[in-house]
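Peer 1: First, the structure itself, so that you have it in front of you.
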2 protein chains.
Amino acid sequence: MAWDDGASAISAAVTVPDPTPELLQRAAAVRRAALELGRLDGERRRLAVRAMAAALEDGAESILAANRQDLEAAVAEQLAPALLARLKLDGSKLAAAIEGVRQVAELPDPVGQRQLHTELDQGLELERISVPLGVVGVIFEARPDAVIQIASLAVRSGNGAILKGGREATASCLAIHGALRQGLAAAGLAPEVLELLTSRQESLGLLKLDGLVDLIIPRGSNELVRFIQDHTRIPVLGHADGLCHLYVDREVDVAQAVRIAVDSKTHYPAACNAIETLLVHREAVATFLPTAIAALEAAGVELRGDDEARGAGVRLAATEADWGTEYGDLTLAVKVVGSLGEATEHIARYGSRHTDAICTSDGDRAERFLAGVDSAGVYHNCSTRFADGFRYGFGAEVGISTQTLPPRGPVGLEGLVTYRYRLRGEGQIAGDYGPGQRSYTHRSLPL
Amino acid sequence: MAWDDGASAISAAVTVPDPTPELLQRAAAVRRAALELGRLDGERRRLAVRAMAAALEDGAESILAANRQDLEAAVAEQLAPALLARLKLDGSKLAAAIEGVRQVAELPDPVGQRQLHTELDQGLELERISVPLGVVGVIFEARPDAVIQIASLAVRSGNGAILKGGREATASCLAIHGALRQGLAAAGLAPEVLELLTSRQESLGLLKLDGLVDLIIPRGSNELVRFIQDHTRIPVLGHADGLCHLYVDREVDVAQAVRIAVDSKTHYPAACNAIETLLVHREAVATFLPTAIAALEAAGVELRGDDEARGAGVRLAATEADWGTEYGDLTLAVKVVGSLGEATEHIARYGSRHTDAICTSDGDRAERFLAGVDSAGVYHNCSTRFADGFRYGFGAEVGISTQTLPPRGPVGLEGLVTYRYRLRGEGQIAGDYGPGQRSYTHRSLPL
């Protein structure tokens, strides 16, 4: 449970204990309830999410009171100001979270979609149907409003959820969990579909609930995500790193490229889709870099460059370590490259395959970049900050994945469903098919 | 490398060494070549696979000679007959494998499909395009023909592959690998896209090539798969278990259910989609079980039943361990249940979420089973043996996955591709959007 005590205490030496029989029992109850939930039609699940929103409204007073209690304890324990800010839940933040729940209720149902429909032979029909994953385990640091968001996404998509908030948010999480369960009950659903873990032992045990939990979603620091990835065999939806690049090519609209660089770095520097390194084509150095340096420094950015970039005005020297560092603040590394290929090689070597962008007025070179960079998002002439489920139009974001396998990039509700093959026959057996016997028709049927 | 010396030697205590610099270099070369391959159009990749088939034909003599050499060594080492059978590659088996390569060449290109196309705002267009995974690592036991199949699937879908065959198939794999590379070169492609590992140290190192290898595909025993799953952070496509059930409901066409039971058990008992347990509704015991027992015993099946099944004629007693055993041979556990719910609970408890079937003449109860069993395949009135990529009409099978997350069940070429988001703008930045500013249009565009 080291990660519950703050990132600095995380250690790879932590031994993850087996889940207790009590935890196994609770997880099995979530799974049973989730299976029931997944069988309901989408409209019932929509009404349940609306009821959850209403229950949060009804319980707002006591949720805010519980949050004040957490905050007082956190202040007494001298938690970092950034952590206090994430922990704090005032009336308007809660109202926004509840509005988010209502929006999730209105999202199209991701369950029950027929993705494939094939006649294998006369009277033997195969279909592939989207179904809920089952149970998701969600581990948060601070941010009690995130509990609200992910719980609503889970229920909308027919999943159970086992939630574990940070220790510092215990009272807030308990109050929120209580309200969400009241909402489920009011809608006639089993409240067991949402479970909350509060003890350290339990939340480590969660990592070993293979077979009962289908996906772990960590919401917190890179260290939290990496710890979880290293200590569970359950698939993890998330990303430990967000090392994004902006490459400014040799022919470029300077004013536009400068705006994009400033936005990509400063719009929200702590976000994973902010850039950490600016690559500049040697032929663009003279025209682009002085203007860019002035604009970035005016926005409070500290620049660290290689020798050529320093020759063009970057004050500090970058070391090898800078190319692999996700600063997460107003620091930006700057490197001059001789070609588009050198830029894409740098990205392949140091990047985290999250989101990388090119600014160029040459369409062919843009396409070469888009085809040659193997990241979840590859952009031309726009800010890397667009890498986000809401901005992509998914209505909600379950997480952002930098894995190669799908789901990749910003993941909406589709990250909480899988599929199942259903085959309906009239007594067909495999032994009937083969040379000189029956053969498969493999005829596409309407979806 | 314990698993290379046979299942019995597998030990969880094996320490996986870090890859050597030489292996890292070779893997990086595969990755570079794969990126080039992935950028080619589908027709070029189709021609390459055809050239691989032609090169295998040209090299048939030397491949068969190499295989005889492996076989002689295997006989001298007194390898098990089953292993010898899998290792052996005669002219007709090789011809069938080459025919398989030609079929893979003609499969539709899984790369470059536009899966999503959205206008985020005027002049800011998002698309999601299928792209190759990158590099797959494939670990085989014996079966040199499987090397041929997976290499052709990898190249067809624009991926590089690092192949590791069993030690006993080294000469065969070297000959096949040589021919495949000749085919690639003849088609004007970089042969580096296919790499073969032969040493023990290398193939353990493969498990630690995170960032260079995107997916590991094990082809072999349950022990091999489990060992790999436990010793790599790279995603693994495969299944350690195949514990499938057939449930015979209370109202059933007895003759049909008996045929399905016999086929599901005996058509290929070693396959993962063969059944291991037969569940029988109490009301069907008298009509179904005596006929089923006679037919199964006539087909050479040893039955192990609970008390009620034994009362109806099953000879041997099943123990608790039987419900969780994947026999892989002509043994079948039989259990009598009191309800459909009891059957689905048994499956949830002991099954591996691979494929489970119901025989019933009651359509409503069939639908309850199909909705209530959380396996990759849920079948009504047909054999579990249909769970197979070829039978599903995918044209080829990369593997079968019992994970919950997609890809699930039999996986065709789509298991070797992922997607990438491309966003093309005209200078848009995230700071332009928000309350009182621009808003997103999120308009669907034609695919």
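Read-outs: derived from the displayed coordinates by stated rules, not from any lab. The structure displayed is predicted, hence computed values, not measured ones. FYI the Cβ positions are ideal-geometry reconstructions off the backbone, even for glycines, and counts take in every protein chain you see.
Peer 1: Can you list which of the trypsin sites (Lys or Arg not before Pro) found in the range B:277-345 are DSSP loop residues with at most 13 other C-beta atoms within 10 Å? All intermediate terms of the calculation are to be shown ahead of the outcome.
Peer 2: Numbers: sites: B:R282, B:R304, B:R310, B:R315, B:K335; in loops: B:R315.
Here the trypsin sites (Lys or Arg not before Pro) that fit, given the DSSP loop and packing criteria, are B:R315.
Peer 1: Could you name the aspartates and glutamates whose alpha carbon sits less than 14 Å from that of A:K208, not counting residues in the same chain fewer than 8 places away?
Peer 2: Partners found: A:D18, A:E22, A:D230, B:D230.
Peer 1: To the nearest 20 Debye, how big is the dipole of the range B:308-447 about its Cα centre, given +1 on the beta carbon of each Lys and Arg and -1 on that of each Asp and Glu?
Peer 2: Working: 15 positive and 17 negative charges, 112 e Å.
With only Lys, Arg, Asp and Glu charged at Cβ, the dipole is about 540 debye.
Peer 1: Tell me, what is the Rg over Rh of the protein assembly as shown, with Rh the Kirkwood radius over Cα pairs?
Peer 2: 0.98
Peer 1: For the pair B:T325 and B:R233, how long in nm is the line joining their label points, each one 7 Å along Cα→Cβ?
Peer 2: 3.9 nm
Peer 1: What is the order of B:D362, B:D214, fewest Cβ neighbours within 10 Å to most? Spell out each step's value before the answer.
Peer 2: Working: B:D362 15, B:D214 25.
Ranking B:D362, B:D214 by Cβ neighbours within 10 Å, fewest first, gives B:D362, B:D214.
Peer 1: Distance from a point 7 Å along Cα→Cβ of B:S62 to each backbone N in the range B:23-51: keep the residues under 19 Å and list them by number.
Peer 2: B:51
Peer 1: Taking a cut-off of 23 Å between Cα atoms, list the lysines near B:K335, but don't count ones fewer than 8 places away on the same chain.
Peer 2: List returned: B:K265.
Peer 1: Shifting gears a bit: Please give the FRET efficiency for A:E283 paired with A:S439, using the beta carbon to beta carbon distance and R0 = 41 Å, rounded to the nearest 0.05. Please list the in-between numbers first.
Peer 2: Details: r = 62 Å, r/R0 = 1.51.
Efficiency, from the Cβ-Cβ distance: 0.10.
Peer 1: Just from its helices, what would the mean residue ellipticity at 222 nm be for chain B, if runs of 4 or more DSSP H residues each count -39500 (n - 2.57) and the sum is divided by every residue, rounded to the nearest 500 deg cm²/dmol? Don't jump to the answer; show the numbers that get you there.
Peer 2: Details: 15 runs with 179 residues, N = 447.
Result for chain B, helices only: -12500 deg cm²/dmol.
Peer 1: Quick check on the range B:302-447: of the DSSP beta bridges with both residues there, what percent are antiparallel, nearest 5%?
Peer 2: On the way: 3 of 14 bridges.
If we restrict to bridges inside the range B:302-447, about 20 percent are antiparallel.
Peer 1: Let me ask another. Taking only the alpha-carbon atoms of the range A:307-447, what semi-axes of the equivalent ellipsoid follow from 5 times the gyration tensor eigenvalues under a square root, in whole Å, largest first? Provide the component values of the computation, followed by the final result.
Peer 2: Values: eigenvalues 453, 72, 44 Å².
In descending order, the three semi-axes are 48, 19, 15 Å.
Peer 1: For a paramagnetic label modelled at 7 Å from the Cα of A:E36 toward its Cβ, which residues of the range A:182-211 fall within the zone defined by backbone nitrogen distances under 19 Å?
Peer 2: A:182-196, by backbone N distance to the label point.
Peer 1: Compute the length gained on full extension between B:R349 and B:L447: take 0.36 nm times their separation in residues and subtract their Cα-Cα distance, giving the result in nm to one decimal. Write out the running numbers ahead of the final one.
Peer 2: On the way: separation 98, 0.36 × 98 = 35.28 nm, distance 4.28 nm.
Computed gain between B:R349 and B:L447 is 31.0 nm.
Peer 1: Relative to the other copies, what are the label-point distances for B:Y268, with labels 7 Å from Cα along the C-beta vector, expressed in nm at one decimal and sorted shortest first?
Peer 2: 5.0
Peer 1: Nm distances between the label at A:V254 and the same-position labels in the remaining copies, 7 Å along Cα→Cβ, shortest first?
Peer 2: 9.1
Peer 1: Hey, could you pull the Cα Rg and Dmax for the range A:244-386, both in Å?
Peer 2: Computed over the Cα atoms of the range A:244-386, radius of gyration and Dmax are 13.0, 34 Å.
Peer 1: What area, in nm² and to one decimal, does the C-alpha convex hull of chain B cast on average over all directions?
Peer 2: Over every viewing direction, the Cα hull of chain B projects on average to 26.4 nm².
Peer 1: Hey, which residue of A has the C-beta nearest the axis mapping A onto B, and what's the distance in Å?
Peer 2: A:P406, 3
Peer 1: Please report the antiparallel percentage of the DSSP beta bridges confined to the range A:244-386, to the nearest 5. Provide the component values of the computation, followed by the final result.
Peer 2: Numbers: 0 of 24 bridges.
In the range A:244-386, approximately 0 percent of DSSP beta bridges are antiparallel ones.
Peer 1: Where Rh denotes the Kirkwood radius from the mean inverse Cα pair distance, what is Rg over Rh for the range A:44-199? Show your work: numbers first, answer last.
Peer 2: Values: Rg = 18.4 Å, Rh = 16.6 Å.
We get a ratio of 1.11 for the range A:44-199.
Peer 1: Nearest 10 degrees is fine. How inclined is helix B:285-298 to the longest principal axis of chain B, computing both from alpha carbons?
Peer 2: Between helix and principal axis, roughly 70 degrees.
Peer 1: For the residues A:K93, A:K265, what sequence is obtained by ranking on other C-beta atoms within 10 Å, fewest first? All intermediate terms of the calculation are to be shown ahead of the outcome.
Peer 2: Values: A:K93 15, A:K265 28.
Going from least to most buried by this count: A:K93, A:K265.
Peer 1: Give me the inter-chain shielding for B:403-413: mean count of other chain Cβ atoms within 10 Å, whole number please.
Peer 2: Mean partner-chain Cβ count within 10 Å for B:403-413: 5.
Peer 1: Please give the average number of partner chain Cβ atoms lying within 10 Å of the Cβ of each residue in A:414-421, rounded to a whole number. Write out the running numbers ahead of the final one.
Peer 2: On the way: counts 1, 1, 0, 2, 9, 6, 12, 12.
Averaged over the peptide's residues, the number is 5.
Peer 1: Hey, another quick one. Partner chain Cβ atoms within 10 Å, averaged over the residues of B:432-438 - can you pull that number for me?
Peer 2: Numbers: counts 3, 3, 0, 0, 0, 0, 0.
Average neighbour count from other chains, rounded to a whole number: 1.
Peer 1: Where the label is 7 Å out from Cα toward Cβ, how close does B:G328 come to the same position in every other copy, in nm, shortest first?
Peer 2: List, nearest first: 4.6 nm.
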